[in-house]
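Notes for the one structure printed next.
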Amino acid sequence: MIRVVFVVLFLSSCNNLPITYIENFSSVNSVVFGFPDYEVTEKIFNDYENSFIKVRFGRGPHAILILAYEDDNVYEWIGADGVKIYTLNGRIVKTVGLSSNIEILRPLDNIFVTGDVYEALNLYNPDLFSSNIRRSMHAPETSSIKKLGQKIQVNRIQENFDLALIGWSGVNLYYQNTTTGQIEFSEQRIHPRLPVAKIEYYFKY
């Protein structure tokens, strides 16, 4: 069972979190360029009682969002400023509280299905409703990443997408643990007005 925390408990326990993370809870919207990177160490990982993600948009500041709920494999990650990111098998399917938000209306549970797949999504600011986005997956390539001081073998999976109606297209990357099948890291372009979102996933069981 992946550890989650109810929102009320999470908001009341922020004072127990490392101060650098408290300062960064509200920074998802800032997208300020040039902030230095920092690494989630084993000690920092152990300081958290519940699962969390480390998020960075473009070269902006990092933020830590805590896993608040899990419903039918959709994880709701939340920050103290009300920003919410929903993921399904490591893929962002909905956001709340960003300057521009997205919602995939009926996301496929298997995000790695081969061939062209069409899904309906809503974009907010500017608004675009029930538009079809096409995506296709490439065959995975074996690679490795470093996480918590260890080298992890992963499948590097490339996803191409395009939204023909507005001429928006791009590439998303997912790094899947070859042992657990879990997404360890991803780079996703979720909205035309947002930089690429880089997410590291840290699960507690």
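Each value in this text was obtained by applying a stated rule to the coordinates, not by laboratory testing. All values reported here derive from a predicted model rather than from experimental measurement. Counting neighbours? That spans all protein chains shown, and the Cβs are built from the backbone with ideal geometry, glycine included.
For the reader, a short list of remarks on this structure follows.
- Nearby lysines by direct alpha-carbon distance to Lys84 (threshold 26 angstrom, same-chain neighbours under 8 apart not counted): Lys43, Lys54, Lys94, Lys147, Lys198, Lys204
- Inter-label distance, nm, simple model (7 Å from Cα along the C-beta direction), Leu105/Asp127: 1.5 nm
- In sequence order, calculated HN-Hα J values of segment 189-202 (Karplus, 6.51, -1.76, 1.60; Hz; x Gly/Pro): 9, 9, 7, x, 9, 10, x, 4, 9, 9, 10, 10, 9, 10
- Simple rule: put +1 on each Lys or Arg Cβ and -1 on each Asp or Glu Cβ in segment 79-163, find the dipole, and look at Leu148, Gly82, Val113; the Cα lying farthest toward the positive end is Leu148.
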